[in-house]
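Participant: Shown below is the structure under consideration.
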Amino acid sequence: MKSLFFTLPAVVPTAVALIIPLPLALNMTTPFPANETNPQPPAVDVTCDILGAAGFDVSRPGTTKYEEREADYYSASARMSPSCIIQPTTTQEVSRLIKTLVSSTASSWAVRCGGHTAWGPAADIHDGVTIDLGLLNKTEYDAEAKVAKIQGGSLWSSVYSTLEQYGVTVPGGRTSTVGVGGFTTGGGNNFYSGKVGFTCDNVVNYEVVLASGEIVEANSKQNSDLWKALKGGSSNYGIVTRFDIEAFEARDIYGGLVIHPLNTTSQVISAFSSFVDNIENYQAGSAFSFWSWVKGASESVIISALHDTMGTVDAPAYAKYKAIEPTVSSTLRTDSHLNMTVELEFAKGFQNVWFAISVKNDPEILQFIVNQHNAFTSSWKKDTGDDTFSLYTVFQPLPKVLFDHGVEKGGNVLGMDRQTGNSVLFQVFMVFSGASLEPEARRRLVAYRQAVKEKSVKTGTDVEFEYLNYADKTQEPLSTYGEDNVAFMRDVLAKYDPNNILETRLPGGAKIPKANNYAAAS
C-alpha cells in the first residue's frame with residue numbers, strides 16, 4: 001500500500017511550503033520550480049502537498065483509505081473523486097485545516113459528514129479537497145443536563161447505540177447510516193417530530209468552526225443568531241463539529257413496515273391524510289407511506305412505515321391503516337429505536353436522483369401524484385428498456401404542530417411557521433445502475449416535479465417549502481424559506497463570514513440566494 005503521507009520534493013523546504021504567500025496561491029502559482037523535468041503541477045495538487053507538509057494525514061487516489069472512503073458514499077452519483085481527502089480527528093485540527101486552506105491555497109473544498117446526500121458536488125468535490133469528518137464520531141451523554149453531545153461526523157447508528165446504554169435517545173435520523181451533520185443542519189424529520197419538532201429544533205448548542213478557523217459556540221445565549229441560522233441553514237456558516245441535542249427516555253417503539261398492493265391506493269391515501277390531521281391530538285405517532293416500484297417488479301406496492309414512539313400497540317390513531325385490506329406483509333413489532341432505523345436502510349452504491357416539494361394535506365393532490373408515479377414507471381421502462389431501476393414516491397406528514405414546536409424552542413429558518421394548516425412532504429427518489437442514465441432520469445424527474453407543482457398551484461394546494469435534505473441540485477430549497485428568513489440568513493452570513501469565503505470556496509450543497517435574485521428563485 002502506498003504511504004498515506006506525501007512529502008514535498010527535496011528542492012522545496014517544508015518551511016517554505018508552509019509560508020507560501022496567499023497572492024501567489026491566488027494566482028495559481030506553484031512553489032515547485034517548473035522545468036522540462038519537473039512540469040508545473042495543478043494548483044490543487046500543490047494544495048494537497050501543502051497540507052501534507054503542514055502535518056495533515058493526506059489520502060490521495062490509489063491509496064486504500066482514499067478508495068475505501070470514496071466507495072462508502074451512499075449514492076454513486078455523489079462521488080466526485082477529490083484530489084485528496086483529509087480526515088481530522090479533533091475540532092482544533094478542523095480549525096487549523098481551514099486556516100491553512102484559506103491562508104495558503106486557492107483550492108475549494110467539500111465537507112463530508114455521513115455522505116448520504118444523493119448528488120454531487122455536495123459532500124465531495126472534484127479538483128478540490130474533501131474534509132471528511134468520519135473520525136469525529138464520538139457521542140457523550142451529560143446525564144445532569146440530559147443532553148447528548150454528538151460529534152459532527154457521527155452516524156445515527158452509533159449515536160443510538162451509545163445512548164441506549166444510558167436508557168435515553170434523541171430525535172434523529174430514521175435511517176441508521178445517515179450522518180448527523182447534514183441531516184440536522186437541513187432540518188431533520190424524525191419519528192418524534194410530531195411531539196418535539198425537527199431534530200434541529202432540539203439542538204441546544206452547536207460547536208462551529210467558522211470560515212476564519214475560529215471555534216465558537218452557538219446557543220440561545222451565545223451567538224444566538226448563528227444558532228437559529230444553523231437550524232435549516234445547512235453548511236453555509238461553517239463546519240459543525242459537535243451537536244448538543246436534548247435527550248429523553250428511550251422507550252421501545254411499536255412499529256415496522258406494512259405492505260399493501262397498489263389497488264389499495266385510495267385506502268392508503270385516506271388513512272395517511274387522516275393520520276396527518278390527527279397528529280396534533282396524538283403526537284407520539286409517526287407514519288409515512290411510499291409507492292414503491294422495486295427493481296424487477298411488474299407493479300408498484302405501497303409500503304407504510306408506522307411507528308408509535310410510546311410503544312402503544314394498535315393505537316387508535318392507526319385505525320384506518322389497520323383496516324386496509326388486503327395486506328401483503330407486516331413487520332409490526334415492539335423494538336428499539338436503533339433497530340427500527342436499521343430496518344429502513346437502502347442499499348448503497350447505486351446512482352440516485354431525488355427531489356422534494358410540499359403540498360397541502362389534500363387527498364386529491366395526493367392521488368394526482370400517485371398517478372404521475374404510475375405513469376413515470378411505465379414510460380421509463382418502455383422508453384429506456386432499463387430494468388435496474390426502483391422508484392419511490394413518498395408522503396411524509398408536515399403538520400402545523402411540528403413547526404409550532406420549532407417556534408417554542410427558539411425558532412428556525414425553515415419558514416413553515418407561515419403555514420396555517422397541515423402539509424405533506426412529497427419526495428421522490430429513483431435508484432438505478434449506470435451513470436449514463438442519470439441525465440435522462442433527472443430530466444424526467446424534473447418534469448414529474450414540475451407537473452405536480454403546476455397542478456398544486458392550479459388547485460390551490462401548493463406549499464412554498466422544499467425540504468433541503470431531499471432536494472435535488474436543480475432546486476433552490478433555501479429560497480423557499482420565505483423572504484424574511486432569506487434576509488436573516490444573509491445577514492448572519494455577512495456577520496460570520498464577512499469575506500465570503502464559504503460562498504466561493506465551498507461550492508457544493510444548497511446555497512443562500514442572493515438578495516437580487518431571491519425573487520427569481522422564489
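All of the numbers you see were taken from the coordinates with simple rules; none came from a lab. These numbers were taken from a predicted model, which means no experiment stands behind them. As a convention, Cβ positions derive from the backbone with ideal geometry for all residues, glycine included, and neighbour counts pool all protein chains shown.
Participant: Which FRET efficiency value, to the nearest 0.05, is calculated for ASN339 and ASP491 with the Förster distance at 30 angstrom and r the Cβ-Cβ distance?
Facilitator: After rounding, the FRET efficiency stands at 0.10.
Participant: Once you charge only the Cβ atoms, +1 for Lys and Arg and -1 for Asp and Glu, what is the size of the charge dipole of the chain about its Cα centre, to the nearest 20 debye?
Facilitator: Here the chain has a charge dipole of around 500 debye.
Participant: With contacts defined as alpha carbon pairs under 8 Å and 6 or more residues apart, what's the relative contact order of the chain in percent?
Facilitator: 15
Participant: Another question, then. Can you spot the aspartates and glutamates whose alpha carbon is less than 15 Å from LYS514's alpha carbon? Ignore those fewer than 8 places along the same chain.
Facilitator: GLU476, GLU483, ASP484, ASP491, ASP497, GLU503
Participant: For the pairs LYS295/LYS322; LYS149/LYS495; LYS99/LYS495; LYS99/LYS228, flag any whose C-alpha to C-alpha distance is greater than 23 Å.
Facilitator: LYS295/LYS322; LYS149/LYS495; LYS99/LYS228
Participant: Still on this structure, I have one more. Where does helix 483-496 land angle-wise versus the long Cα axis of the chain, in degrees 0 to 90, nearest 10?
Facilitator: Orientation of helix 483-496: about 30 degrees from the principal axis.
Participant: With +1 on each Lys and Arg Cβ and -1 on each Asp and Glu Cβ, and nothing else charged, work out how big the dipole of region 377-520 is about its Cα centre, in Debye to the nearest 20.
Facilitator: Dipole of region 377-520, to the nearest 20 debye: 220 debye.
Participant: Using a Cα distance threshold of under 26 Å, what count of lysine pairs results for region 325-431 when pairs must be 8 or more residues apart or interchain?
Facilitator: Eligible lysine pairs with Cα atoms under 26 Å apart amount to 5.
Participant: Still on this model: Distance between the C-alpha centers of region 369-414 and region 79-104? Whole Å please.
Facilitator: The distance from the Cα centre of region 369-414 to that of region 79-104 comes to 34 Å.
Participant: Quick one: check the C-alpha center-to-center distance for region 108-154 versus region 417-469, whole angstrom.
Facilitator: The distance from the Cα centre of region 108-154 to that of region 417-469 comes to 27 Å.
Participant: Let me ask another. Taking Cα centroids, how far is region 479-502 from region 187-220 in Å?
Facilitator: 17
Participant: Could you work out [θ]222 nm for the chain from helices alone, using -39500 (n - 2.57) per DSSP H run of at least four and dividing by all its residues? Round to the nearest 500 deg cm²/dmol.
Facilitator: Counting only the DSSP helices, I get -9500 deg cm²/dmol.
Participant: Could you list log10 I(q)/I(0) for the chain at q = 0.09, 0.11, 0.13 Å⁻¹, which the Debye formula gives when each Cα is one point scatterer?
Facilitator: -0.65, -0.96, -1.31
Participant: For VAL168, enumerate residues with amide H under 5 Å from its amide H, sequence gap 5+ or separate chain, H modeled in the peptide plane.
Facilitator: The answer is ALA250.
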